[in-house]
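For reference, the structure is listed below as structure tokens.
The values are calculated or read from the model by the stated rules, or taken from the named source; none is laboratory data. Owing to the predicted nature of the structure, the values given are computational and were not obtained by experimental measurement. Here the Cβ is made from the backbone with ideal geometry for all residues, glycine too, and neighbour counts use every protein chain on show.
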Amino acid sequence: MLLELVDLDTRKSLQWKSQIKLKTFRKANFNFSDIVFYQIDTTNVTPRLTLLNVSPEFFQKTPYAHYPQLVTPSLVNQRKLYIIGCCFGIYHEVFVTVPLDSLLLTYEIINSSNRVVYKREIRKKVIERLVVGEFKINKIAFAPGEHLLRITVSGHGKPCRIQKEFFFSPVLTVQNIDDYVDLAIRPLRYVANSKEYRQMLEASEKDKKVLLEAFWAKRDPTPQTPENELREEFYRRVNFANHHFFNPFSNRQGWETDRGRIFIIYGPPDDVERPPVKKRQPLYEIWTYQREDFVRRVIFVFKPEWGEFQLVTME
């Protein structure tokens, strides 16, 4: 395979060559396709699917083929996927080389401590030597962090399996903060004083929830209403940072990065400038804030060895 990247301004190009190994489907009783992850966005009236590691054309042969406008491609790190939110699904195929009526598919999700946190078994019919596996998780009950999806096929001879790493981060909402209290507390280091922050970190699980609730109650701009607009805006920024600034190389969540920190503290910039990259010069990103009470210019430079942007200047 030959990949060529052309700069339309300078007409300079880079080429990359690599050999592609094609799978053989004759040696084993069961042969797996790749695992396709998709995200389910339930915030819309009509749920959207975001394919996390495949092009939208793939789903033309799936039950979602008649909803092409609902499928959104999303390019991410292929070695490890980053999943945000409480709803996602997987799709895969098993090609069968021996005569069978059905297969048993076992789905397991294993956390970084090598503990199985989710398990499901499904028996599927073999139709024309093909089994289509697809399932959705609508409410995730496991903790944020690194996980491994393992799929095992049983039915004839030795079981076969395939697996895929992914990193899970929930979308924090008022409804699920108690389920992810540690994750809700950690970004508060940008806005809480050191004493409050230390107390919440060191408290028991039960006390953490009480302290977190008290922290936001003191800062509720409209205590006479059920909504706490400041809390909602804070976690909206945290979710945005996690979605846009996650570092897949170091597994640093978006809120932990320099861009995430600035975004959470100051909000979305009024202008984002990305100057053209010159030869042997680093990639820059310049955020400008023009507010009534302050004007600020924030400059980030991309560090390839870190895989993320680092804050270099705040004017």
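Quick one: would you say PRO248 is closer than 30 Å to ASN31 by Cα, touching a residue at least 60 places away in the same chain (Cβ under 8 Å) and either among the hydroxyl-bearing types (Ser, Thr, Tyr) or not assigned by TED's automatic domain parsing to the domain that holds THR97 (or both)?
Yes; evaluated as a whole, the condition is true for this residue.
Filtering the range 305-315 down to residues that are acidic (Asp, Glu) and not in a strand (DSSP E or B), which residue is surrounded by the fewest Cβ atoms within 10 Å (Cβ to Cβ)?
Step one: list which residues in the range 305-315 are acidic (Asp, Glu), which gives 305, 308, 315.
Next, from what is left, pick out any that are not in a strand (DSSP E or B): 305, 315.
Working: GLU305: 6, GLU315: 9.
Among residues in the range 305-315 that are acidic (Asp, Glu) and not in a strand (DSSP E or B), the one surrounded by the fewest Cβ atoms within 10 Å (Cβ to Cβ) is GLU305.
Being assigned to a loop (DSSP other than H, G, I, E, B), surrounded by 18 or more Cβ atoms within 10 Å (Cβ to Cβ) and at pLDDT below 70 is the filter here, so list the residues in the range 6-53 that pass it.
Within the range 6-53, LEU52, ASN53 meet the criteria.
Does PHE95 qualify as being among the aromatic types (Phe, Trp, Tyr), farther than 30 Å from ILE177 by Cα, at pLDDT 85 or above and surrounded by 10 or more Cβ atoms within 10 Å (Cβ to Cβ)? Even if it seems obvious, please write down each step before you answer.
Values: among the aromatic types (Phe, Trp, Tyr): yes; farther than 30 Å from ILE177 by Cα: yes; at pLDDT 85 or above: yes; surrounded by 10 or more Cβ atoms within 10 Å (Cβ to Cβ): yes.
Judged against the criteria, PHE95 is a match.
Could you tell me whether VAL210 is surrounded by fewer than 16 Cβ atoms within 10 Å (Cβ to Cβ) and in contact (Cβ under 8 Å) with a residue 60 or more places away in the chain? Let's see the steps before the verdict.
On the way: surrounded by fewer than 16 Cβ atoms within 10 Å (Cβ to Cβ): yes; in contact (Cβ under 8 Å) with a residue 60 or more places away in the chain: no.
For VAL210, the condition - surrounded by fewer than 16 Cβ atoms within 10 Å (Cβ to Cβ) and in contact (Cβ under 8 Å) with a residue 60 or more places away in the chain - is not met.
For the structure I just gave you, tell me whether TYR190 is assigned by TED's automatic domain parsing to the domain that holds PRO304 and touching a residue at least 60 places away in the same chain (Cβ under 8 Å).
yes
Can you run down the residue pairs with Cβ atoms below 6 Å, 6 or more apart or on separate chains, where the first is in the range 216-244 and over 17 Å from ILE185 (Cβ atoms) and the partner is part of a helix (DSSP H, G or I)?
Taking only residues 6 or more apart or on different chains, the pairs are PRO221/GLU229; PRO221/LEU230.
Taking the range 124-148 on its own, how many of its residues are modelled with pLDDT of 85 or more, buried (at least 17 other Cβ atoms within 10 Å of the Cβ) and either among the polar types (S, T, N, Q) or within 15 Å of the chain's Cα centre (by Cα) (or both)?
1
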